[in-house]
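A.B. asks: Before anything else, here's the structure in question.
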Amino acid sequence: MSDTLKILEKLSMIPGASGDEARVRDEIISQIGDCCKLTVDAPGNLICDYKGKKRAKNKVMFCAHMDEVGFIITGIEDSGLLRFACVGGIDSRVVPGKSVIIGERRIHGVIGAKATHHLKEKEKSGAISPDKLYIDVGANDKHDALNFVRPGDRAVFYSGFTGLLENKIMGRAFDDRAGCALLISMIQKKPEYDCVFVFTTQEETGCSGAMAAGYFVNPDISVVVEATTASDIAGVEPNMTVCKLGEGAAVSFMDKGAVYDAELYRLALKTAVENKIPCQSKSGVFGGNDARALQAARGGSRILAVSLPCRYLHTGNCVLDKTDVKNTEKLLDKLLLELCGSSLGI
């Protein structure tokens with residue numbers, strides 16, 4: 001297993017729903033050591049100011065978010081069952097029956113629902129709304145549960161990290177711990193040029209961390225390193241596939257939150273071709289990420305998104321292709337040289 005994949009495995013096992021990213025941040029700091037000047041701002045972003053041997057012609061910021069989708073405890077029933085709300089965009093269909101871990105004490109629980117034989121006929125079709133679900137931690141009653149869990153505690157899916165067939169890996173929170181792992185690897189290789197690496201908070205709940213980080217750094221160019229939905233699965237029409245595993249990083253021209261800089265989009269694809277690195281355009285206008293906040297923060301910045309194709313995003317078991325991780329890392333290393341070392345008409 002490559003060093004980047006080992007970093008990803010470690011990061012993906014740390015709970016970090018939006019607003020609760022401190023443990024993820026601490027692990028990132030331990031990985032990058034004294035390579036950068038580190039700043040933690042009020043929203044909890046980790047801003048890493050790296051000084052290379054050469055001064056950059058453009059102020060370039062590479063950005064990945066630390067948070068993941070999850071749940072927040074909203075109340076505790078007299079029975080000891082926990083009520084909750086979703087943190088970020090989670091498909092209600094994937095929630096019932098899933099194992100979760102809750103709070104700093106990592107209390108285990110399972111998301112439960114009314115048994116099928118108790119449902120009325122009209123309740124049997126469609127997804128179950130989260131407000132009809134509960135988390136069972138095994139508590140005898142409310143008093144018992146309060147010894148371990150409090151309203152406001154975050155919960156995340158509980159799952160492992162494992163290999164699948166044909167160079168695939170499966171695990172939790174690849175969106176966007178995979179992006180964080182790639183940035184850590186870039187820093188550890190000590191790039192030639194000055195650069196800023198930022199690990200943001202609360203992307204899944206509105207990109208507020210990136211807005212603050214963008215204002216603080218005030219970059220000329222912002223490169224968002226993400227995971228994006230790969231719908232190369234059964235039953236999906238070709239025009240809705242978006243991107244495919246095994247074909248390299250997906251570079252965006254537009255999504256639901258931003259229109260990307262056309263010159264940077266073309267540069268990314270050109271760099272991939274010139275260096276014989278597999279790469280693909282993200283086909284279609286779907287999703288969104290920190291780029292929308294970075295484009296408008298302070299004086300604004302030119303934006304580019306380089307994303308890892310990922311199946312089953314925002315579930316407890318995401319799937320990546322190891323070759324995509326390797327090739328995305330290669331592309332990012334080359335892009336850093338291009339963006340920091342070239343005059344791009346800013």
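The values are calculated or read from the model by the stated rules, or taken from the named source; none is laboratory data. All figures in this text were calculated on a predicted structure; none of them were measured in a lab. Every residue, glycine as well, gets a Cβ built from its backbone with ideal geometry; the counts of neighbours run over all protein chains shown.
A.B. asks: What is the residue count in the range 44-58 for residues that are within 15 Å of Ala213 (Cβ to Cβ) and either within 17 Å of the chain's Cα centre (by Cα) or at pLDDT below 95 (or both)?
C.D. replies: Residues flagged as within 15 Å of Ala213 (Cβ to Cβ) and either within 17 Å of the chain's Cα centre (by Cα) or at pLDDT below 95 (or both) within the range 44-58 amount to 4.
A.B. asks: Related question: Taking the residues in the range 244-294 that are part of a loop (DSSP other than H, G, I, E, B) and of a type in the set (S, T, N, Q) as candidates, determine which candidate is nearest to Gly89 (Cα to Cα).
C.D. replies: Asn289
A.B. asks: Ok, one more. Of all residues in the range 26-43, which are in a loop (DSSP other than H, G, I, E, B), closer than 16 Å to Met211 by Cα and among the hydrophobic types (A, V, I, L, M, F, W, C)?
C.D. replies: Matches in the range 26-43: Ala42 only.
A.B. asks: If only one of Asp91, Asp41, Asp78 is in the same structural domain as Met13 (by TED's automatic domain parsing), surrounded by fewer than 19 Cβ atoms within 10 Å (Cβ to Cβ) and of a type outside the set (Gly, Ala, Ser), which one is it?
C.D. replies: Asp41
A.B. asks: Do we find a residue being in contact (Cβ under 8 Å) with a residue 60 or more places away in the chain, touching a helix residue (DSSP H, G or I) at 6+ places or on another chain (Cβ under 6 Å) and not in a strand (DSSP E or B) anywhere in the range 144-164?
C.D. replies: The answer is yes; a qualifying residue exists.
A.B. asks: Enumerate the pairs (first residue in the range 66-86 and more than 14 Å from Ile111 (Cα to Cα); second residue anywhere and crowded, with 19+ Cβ neighbours inside 10 Å and of a type in the set (Asp, Glu)) with beta-carbon separation below 7 Å, excluding pairs fewer than 6 apart on the same chain, so at least 6 apart or on different chains.
C.D. replies: Close Cβ pairs (under 7 Å, with a partner that is crowded, with 19+ Cβ neighbours inside 10 Å and of a type in the set (Asp, Glu)) amount to Met66/Glu21; Asp67/Glu21; Asp67/Glu203; Asp67/Glu204; Glu68/Asp175; Glu68/Glu204; Val69/Glu204.
A.B. asks: Being touching a Lys or Arg at 6+ places or on another chain (Cβ under 9 Å) and over 26 Å from Leu308 (Cβ atoms) is true for just one of Ile14, Ile72, Ile47. Which residue is that?
C.D. replies: Just one listed residue meets the conditions, Ile72.
A.B. asks: Go over the candidates Gly171, Gly138 one by one and state the one that is within 22 Å of Glu68 (Cβ to Cβ), in contact with a Gly (Cβ under 9 Å, 6 or more places away or on another chain) and either at pLDDT 95 or above or surrounded by fewer than 16 Cβ atoms within 10 Å (Cβ to Cβ) (or both).
C.D. replies: After applying the criteria, what remains is Gly171.
A.B. asks: From the list Gly75, Gly97, which residue is more than 23 Å from Gly152 (Cβ to Cβ), out of contact with any Cys (no Cβ under 6 Å at 6 or more places or on another chain) and not charged (D, E, K, R)?
C.D. replies: Matching residue, one of Gly75, Gly97: Gly97.
A.B. asks: Scanning the range 64-75 for residues that are among the hydrophobic types (A, V, I, L, M, F, W, C) and part of a loop (DSSP other than H, G, I, E, B), which turns out surrounded by the fewest Cβ atoms within 10 Å (Cβ to Cβ)?
C.D. replies: Val69
A.B. asks: Here's a follow-up. Checking the condition assigned to a helix (DSSP H, G or I), touching a Leu at 6+ places or on another chain (Cβ under 8 Å), more than 20 Å from Thr205 (Cα to Cα) and assigned by TED's automatic domain parsing to the domain that holds Asp255, which residue from Val306, Val325 passes?
C.D. replies: It is Val325.
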